[in-house]
Amino acid sequence: MGGRIIGALQNLSNATIIDEKVLTECLNEISRALMSADVQFKMIGTMQSNIKKTVNLDDRAAGHNKRKIIQQAVFNELCNMLDPGKPAFVPKKGKPNVIMFVGLQGSGKTTTCTKYAFNYQKKGWKPALVCADTFRAGAFDQLKQNATKAKIPFYGSYTETDPVKIAQEGVERFKKENCDLIIVDTSGRHKQEASLFEEMRQLAEVTNPDLVIFVMDSSIGQAAFDQAQAFKQSVAVGAVIVTKMDGHAKGGGALSAVSATKSPIIFLGTGEHMDEFEAFETKAFVSRLLGMGDWSGFMDKIHEAVPMDQQPELLQKLQEGNFTLRIMYEQFQNILNMGPLGQVMSMIPGFNQELMPKGREKESQAKVKKFMTMMDSMTDEELDSTNPKLMTDSRIYRIARGSGRSLREVHEMLEEYKRLAKVWSKMKGLKIPKKGDMSAM
Ligand code: GDP
Ligand code: MG
């Protein structure tokens, strides 16, 4: 869907005058894309009308400025929708902060509880976990396992069936032990909704949490609003955590959760492991929602890491988007030298995680060098081509023989090229903001 939005904004950039028709077309295109990213229909409507208000069509200045105005308006409007206007409760170190997690079964509460605790523990806090889920078989074992791995104290019971009693005992106990972050994990069954919410109400009553966090799965889609609202009506939800952002979902439902709970998103879950957890960044999230990757973060890095005199060349290459094998070769060289451009290239999504996974730099370097020897056996025509059909079997055979590598290895290198070319193509034609103009995209 990202392609669609970028496409819509590009149509706009081709039009010299932005009249009502162009604006409407553009907004419709963006709306369709947001709908497929699970943003609620009503919210899209609000965004549309707000943008129509912001963009002053009577102002007949140069088309270029109008395009920028609309881009900025779309981006800002989505950022605004994620900002409920008041920050979440911030735990105070050294005080017994009680944090209660709520959300439907499977949303990721138990996993996220530990991630949250671990995140604070790393910063010198004393967290503790209380398992107030007596509904799901194995709930206590799951929490116990996670907590043990992270060396976090926990409380729960195999025999007690009353979650309220366990929660009360656990919180009291950890208060006595001077824990400063007491986290209460709860159940989130699918059925018996009324009794689930009654249970949440009682749990909140006895534990008196400083913060209730609503945990939602990024893929729940349009159901997000009703779910979040139902929890908000029984307990005072004050923050949202969106999980499974490592999956395919763009997480547009998060906008609904913010609107239903009037609470900000504070963290994102990005995997099953303890450290796959990130502080929420509005701009990065909106960039992702619009399918732009962490574009603004990446641009910040370019401005930081690349000397001014080398920026235009790199930016031009990014915009042209014609990623040839020769560019790949040059970028490999940069990465191996880890000069400023190398540093930046390794920050481009796709360049880093797959090609150079953390902790395996030596192996990755050997792989990159191997790829480069194969490319040394390529002709100029092959290196500079943008035609994927050029690499015939006989050429591949020649390259393999010339570099003393197997056909499989040449294919592997070409696969890598295809993957990177795909990443690169997303940047084609993007207007790259200048320093200080980052909020535009
Ligand atoms: P709960 O029922 O709300 O307590 O949910 P769990 O914590 O038991 O999580 C349900 C499933 O989702 C488990 O298999 C977790 O490993 C998985 N999970 C939780 N958070 C994430 C995440 O951020 N990414 C991925 N890929 N899986 C997650
Ligand atoms: Mg659980």
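The values are calculated or read from the model by the stated rules, or taken from the named source; none is laboratory data. A quick note: this is a predicted structure, and the numbers were derived from the prediction, not measured. Here Cβ is always computed from backbone atoms with ideal geometry, including for glycine, and neighbour counts include all displayed protein chains.
When the test is whether a residue is within 16 Å of ligand 2 (Cβ to nearest atom) and in the same structural domain as GLU276 (by TED's automatic domain parsing), GLN121 does not pass it.
Residue-wise test of (1) more than 12 Å from ligand 1 (Cβ to nearest atom); (2) not aliphatic (A, V, I, L, M).
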residue: CYS131; (1), (2): no, yes
residue: VAL164; (1), (2): yes, no
residue: ALA167; (1), (2): yes, no
residue: GLU177; (1), (2): yes, yes
residue: LEU181; (1), (2): yes, no
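Screening segment 299-310 for residues that are in contact with a Pro (Cβ under 8 Å, 6 or more places away or on another chain), among the hydrophobic types (A, V, I, L, M, F, W, C) and part of a helix (DSSP H, G or I) and picking the one that is modelled with the lowest pLDDT gives MET299.
Filtering segment 92-113 down to residues that are more than 16 Å from ligand 2 (Cβ to nearest atom) and in a strand (DSSP E or B), which residue is surrounded by the most Cβ atoms within 10 Å (Cβ to Cβ)? In this case the residue turns out to be VAL98. One residue stands out among those in segment 177-218 that are within 15 Å of VAL240 (Cα to Cα) and of a type in the set (D, E, K, R): the one that is surrounded by the fewest Cβ atoms within 10 Å (Cβ to Cβ), which is ASP210. Restricting PHE89, PHE140 to those that are among the aromatic types (Phe, Trp, Tyr), buried (at least 17 other Cβ atoms within 10 Å of the Cβ) and within 30 Å of ILE44 (Cα to Cα) reduces the list to PHE89. Count of segment 8-65 residues, restricted to those that are more than 28 Å from GLY247 (Cβ to Cβ), at pLDDT 85 or above and of a type in the set (A, V, I, L, M), is 1. Beta carbons closer than 8 Å, at least 6 apart along the sequence or on distinct chains, pair a first residue in segment 173-187 that is of a type in the set (Ser, Thr, Tyr) with a second that is assigned to a helix (DSSP H, G or I) and within 12 Å of ligand 2 (Cβ to nearest atom) for THR186/LYS109; THR186/PRO163; SER187/ALA139; SER187/PRO163. Just one residue in the set PRO127, PRO84 is over 20 Å from the mean Cα position of the chain (by Cα) and away from ligand 1 (no atom under 16 Å from the Cβ); that residue is PRO127.
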